[in-house]
Structures are given as structure tokens and as C-alpha cells.
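To start, the structure itself, in C-alpha cells.
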Amino acid sequence: MRTQPPSYDCLVIGGGIHGTYIARELTQRDSGTRIGIVDPNPRLLDSFRTKARACGMTALRSSFVNHLGGEPFQLEHFAGGEDREDELVPTVDYPERPTLSLFLDHAEHVIERSGLSEKHIQATVKCIQPRQDGGFTVETTDDDLQAATCVLAIGHGGRYTYPEWTTTLPADAPVSHVWEDEKNGILPETDAGSDDDATDEHATDDHTIVVGGGITGVQLACALATDHLVTLLTRHPLTWETAEADPPWLNWSHIESELHCHPPGSAERLSVVDDARYDASVPPALYEPLREHIDEGRLEIEQGTVESATTTDDDSNADDPPLSITLERGRTLHAERAVLATGFENIFDHPFVDQLETDLGLARGADGMPLLGDETLAWEYADGSESRLFVTGALARGTVGPYAPNIPGARRASERICEAITRLVTPQSTAPTSVSVQQ
């Protein structure tokens with residue numbers, strides 16, 4: 001006889017920065033709340049670790065007050081207790097920033113103290129189906145789970161942006177995305193972009209073209225320039241910005257006055273967020289390492305739009321580089337490989353988001369963004385009532401604002417999501433749930 005599926009007060013879908021932060025916050029609010037974190041990776045934050053190291057990140061862009069713990073200065077205290085204050089990187093006209101290693105070690109400390117690893121369910125969510133009581137049946141690759149509430153904290157799901165010119169290349173062309181780890185394999189398997197000086201014996205004359213002029217492209221170019229000759233190919237001049245958006249966007253009062261004044265799900269909201277967010281920008285802290293590699297002759301910056309790309313024929317001169325990229329103005333770059341730092345596809349187009357809309361009868365607005373309650377971040381049903389499915393991360397940028405995908409956005413989103421979930425699942429609560437189920 002089949003046993004009853006495991007039941008949870010809240011299932012968090014995704015074990016990255018946002019999912020881990022919200023699970024920790026829910027646990028801290030009430031240790032008796034039954035929480036599960038569904039993520040296919042062996043450890044929580046594995047996807048973040050992999051991407052950060054693959055692009056050569058050595059320090060975070062966010063300041064030391066942005067981390068997975070509850071108190072703003074917890075990471076700073078952790079650094080002091082571990083005698084690692086030197087890993088709080090001084091930044092001009094900005095608070096100190098943690099090294100990647102310090103941030104991840106502190107995150108592990110938070111995960112361990114909060115018992116979050118025990119809540120990790122290593123599986124992939126296949127679909128979410130409604131129950132008559134307003135909760136959900138969550139079908140995974142491992143088991144069916146029952147949940148009174150769910151938090152959608154998914155990333156982009158390996159949906160990376162590939163420029164049009166890459167579609168004409170053969171499948172074995174030496175072109176890969178920076179986060180295609182199994183195909184890329186350029187940076188060392190140890191911490192990518194470490195501060196250790198590269199020795200001459202490791203340096204080569206292999207030429208790598210890094211495509212993309214944002215923070216990921218510049219970090220990657222600097223990391224590769226210790227071992228390769230690098231051309232950083234960008235369509236526009238580098239734009240230098242300390243953070244992802246101006247500081248007022250960290251506060252709900254500013255978000256409410258500047259964003260929530262427009263109708264939920266409206267194109268006006270997306271326009272405000274897009275204008276406020278400094279996408280494809282580079283923090284000034286990367287200026288010096290970039291300049292050093294340029295001065296050493298290991299790195300150059302090429303500005304232009306790619307017109308076409310070709311690979312060397314088998315019967316060509318074996319000494320010719322295998323890849324040629326021609327720019328619109330006629331210049332051709334030759335290299336052993338190209339690595340794309342061209343970002344992600346629009347998360348509103350994610351197939352899983354489409355599936356949720358269909359299976360649960362959820363409402364979407366401009367460009368397909370989820371229609372969320374501003375006070376709860378609950379995804380609304382088509383009839384305007386709020387579901388028990390809450391949304392954080394890039395999917396919530398129409399409600400949380402330009403910092404939504406980043407660590408500060410996880411903190412802002414959790415404030416409203418966790419309050420709403422606590423009201424729903426706490427037994428003594430008498431707050432109405434106002435839930436309807438769409439069939």
C-alpha cells in the first residue's frame with residue numbers, strides 16, 4: 001500500500017541564494033514550521049558556487065551587509081571571529097565587500113547553524129498541481145510532496161543567451177558559454193580567478209575572445225589573462241557602476257512610491273525597472289586589474305558588433321587559429337576559442353513558468369511577468385485572488401524592483417513572503433487566506 005506523501009508547511013523550489021535565504025528566515029521565525037528545499041544539486045548554493053568560480057569572481061559586488069544571515073553585520077562578525085578581516089575588500093566610496101571565499105564560508109556556517117542541509121530534497125520539480133484546500137501537490141523526480149505553501153525561487157535554468165552569429169557555426173566549434181562548465185573547462189578546476197600570481201610556465205600564447213562587456217565578461221577576461229592572450233569583445237564602451245542600481249531602490253518606501261504607483265503587471269513597471277537597473281555594467285573595483293593586464297600586453301579591448309563567424313576547414317593550414325570572428329566594420333579576429341559572457345534568456349519565457357500558468361490558472365502581465373500581490377509577492381490567480389505560491393528572484397522584478405535578482409532583493413522579498421507564509425501556516429492565526437483553486 002502506498003504511503004502518504006511527505007507534507008510540508010512550505011516547499012521552497014530552488015536552493016540558490018533566494019531559496020536558501022527564505023528557508024533560513026522561515027526557520028528562524030518558527031523552528032516548528034515544516035520546510036523543504038527542493039533543488040537538484042548535491043548541496044545548497046551549488047549553482048551559485050559553480051557560476052561564480054566559472055567566471056573568475058574573486059569578490060562580491062554587494063557589500064558585506066548582504067549575505068544569507070539574519071543580522072546585517074553577521075558576516076563582518078564572522079570574518080573577525082575567523083581572523084579573516086583582510087577578506088573584507090576595501091572599496092572606494094562604497095562599503096567593504098567580502099571575497100567569494102569568505103561569503104561562501106559564511107553561507108555554509110549559516111546553512112549548518114540553521115539546519116538547512118537536512119531540509120534539502122535533492123530532486124527536480126516536474127510540476128505543481130493544485131489541491132482543494134488551496135495547497136499543492138509537488139511532483140518531483142524523487143517523490144510526490146504535499147505543501148500548504150510554495151516559494152518559487154528558481155534561476156534561469158541553464159537558458160543562456162547565444163548571439164545570432166553562433167547559430168551558423170558547427171556543433172564542435174570552439175565557442176561556449178561561460179557557464180557551460182562541462183564544455184568550457186578553460187579556468188582551473190580550483191577557485192577560478194584566484195589572486196595567486198600565475199607563473200610564466202602556465203602562460204600560453206593561445207588567444208581567447210571573451211564576448212560581453214558586463215561584469216561577467218570583465219571578470220572572466222581578467223581571470224583568463226593570467227594564462228592566455230585575451231580580447232574582450234564588447235558592443236559598447238564599458239560602463240562603470242558600483243552597484244546594480246541606485247541605493248534608494250534598496251528600500252520598500254522607494255519601491256512603493258516609484259514602482260507600485262503603476263498597475264501590477266504593467267509595461268510601465270518593467271520600463272521603470274529596466275531604466276533603473278545598470279545591466280551590463282562593471283564595478284570600478286575591476287578597473288585596476290583590467291588595466292594591469294592591458295599594460296602587460298595580455299589583454300586588449302575590441303569594440304564592435306559581430307557580423308559573422310567561421311571555423312577553419314580541416315584542409316586549411318594547421319597553424320591557423322580555428323576560429324575567425326568578423327566585425328561589421330570589416331576587422332576580423334582570429335582565436336583558438338571564444339567564450340560568451342552574454343547573460344541569460346528572459347526568465348519570463350521559462351518553460352516551467354508557462355507550465356505553472358497553465359496548471360494552476362495563474363495571471364501574467366506585460367512580457368509574461370507573473371502578476372504578484374505587492375504586499376505578499378503571492379502569484380495571483382486569473383480571477384484576481386492570491387494563490388499560496390510566492391515568487392522571489394528575477395521573476396519578481398516587477399514587484400521588488402531592480403535589485404530583485406540580487407542578494408539585497410532576496411532580503412527585501414523575504415520580508416513580505418515570510419510574513420505572509422507565517423500568517424497562513426501558524427495554527428493560531430485567524431487571518432483569512434482568501435484562496436481559490438482554479439480548475
So which of 24, 43, 61, 53 is of a type outside the set (A, V, I, L, M, F, W, C) and either over 30 Å from residue 176 (Cβ atoms) or without any contact (Cβ under 8 Å) to a residue 60 or more places away in the chain (or both)? 24
Please give the number of the condition residue 377 fails out of (1) touching a helix residue (DSSP H, G or I) at 6+ places or on another chain (Cβ under 9 Å); (2) at negative phi. (2)
Just checking, how many residues over region 377-393 are without any contact (Cβ under 8 Å) to a residue 60 or more places away in the chain, crowded, with 20+ Cβ neighbours inside 10 Å and part of a loop (DSSP other than H, G, I, E, B)? 1
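A quick yes/no check of all residues on (1) within 21 Å of the chain's Cα centre (by Cα); (2) among the acidic types (Asp, Glu):
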{"residue": "70", "(1), (2)": "yes, no"}
{"residue": "75", "(1), (2)": "yes, no"}
{"residue": "87", "(1), (2)": "no, yes"}
{"residue": "90", "(1), (2)": "no, no"}
{"residue": "101", "(1), (2)": "yes, no"}
{"residue": "119", "(1), (2)": "no, no"}
{"residue": "125", "(1), (2)": "yes, no"}
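Which of the residues that make up region 329-353 are within 22 Å of residue 312 (Cβ to Cβ) and not small (Gly, Ala, Ser)?
Hits for region 329-353 are 331, 332, 333, 334, 336, 337, 339, 340.
Residues checked against (1) modelled with pLDDT of 95 or more; (2) touching a Pro at 6+ places or on another chain (Cβ under 7 Å); (3) of a type in the set (Lys, Arg):
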{"site": "238", "(1), (2), (3)": "yes, no, no"}
{"site": "244", "(1), (2), (3)": "yes, yes, no"}
{"site": "248", "(1), (2), (3)": "yes, no, no"}
{"site": "251", "(1), (2), (3)": "yes, no, no"}
{"site": "268", "(1), (2), (3)": "yes, no, no"}
{"site": "274", "(1), (2), (3)": "yes, no, no"}
{"site": "277", "(1), (2), (3)": "yes, yes, yes"}
{"site": "286", "(1), (2), (3)": "yes, no, no"}
{"site": "298", "(1), (2), (3)": "yes, no, yes"}
Condition met for residue 82 (acidic (Asp, Glu) and crowded, with 16+ Cβ neighbours inside 10 Å): no
I need a count of the residues in region 20-42 that are under 14 Å from residue 116 (Cβ atoms) and either touching an Asp or Glu at 6+ places or on another chain (Cβ under 7 Å) or acidic (Asp, Glu) (or both). 5
Enumerated strands (runs of 3 or more DSSP E) restricted to region 125-179, each holding at least 2 residues that are assigned by TED's automatic domain parsing to the domain that holds residue 362 and not acidic (Asp, Glu): 125-130, 136-140, 144-152
Residue count, region 267-306 (criterion: charged (D, E, K, R) and buried (at least 19 other Cβ atoms within 10 Å of the Cβ)): 3
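Can you go through 118, 96 and tell me which one is surrounded by fewer than 16 Cβ atoms within 10 Å (Cβ to Cβ), of a type outside the set (Phe, Trp, Tyr) and either within 29 Å of residue 218 (Cβ to Cβ) or free of Cβ contacts under 8 Å to residues at least 60 places away in the same chain (or both)?
It is 118.
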Being hydroxyl-bearing (Ser, Thr, Tyr), within 26 Å of residue 159 (Cα to Cα) and without any contact (Cβ under 8 Å) to a residue 12 or more places away in the chain, is that true of even one residue in region 319-335? no
Any residue at all in region 36-53 that is of a type in the set (A, V, I, L, M, F, W, C), crowded, with 20+ Cβ neighbours inside 10 Å, under 18 Å from the mean Cα position of the chain (by Cα) and within 20 Å of residue 284 (Cα to Cα)? yes
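The values are calculated or read from the model by the stated rules, or taken from the named source; none is laboratory data. This one's a predicted model, so the numbers in the text were calculated from it and none came from an experiment. For neighbour counting, all protein chains shown are included, and Cβ atoms are generated from backbone atoms with ideal geometry for every residue, glycine included.
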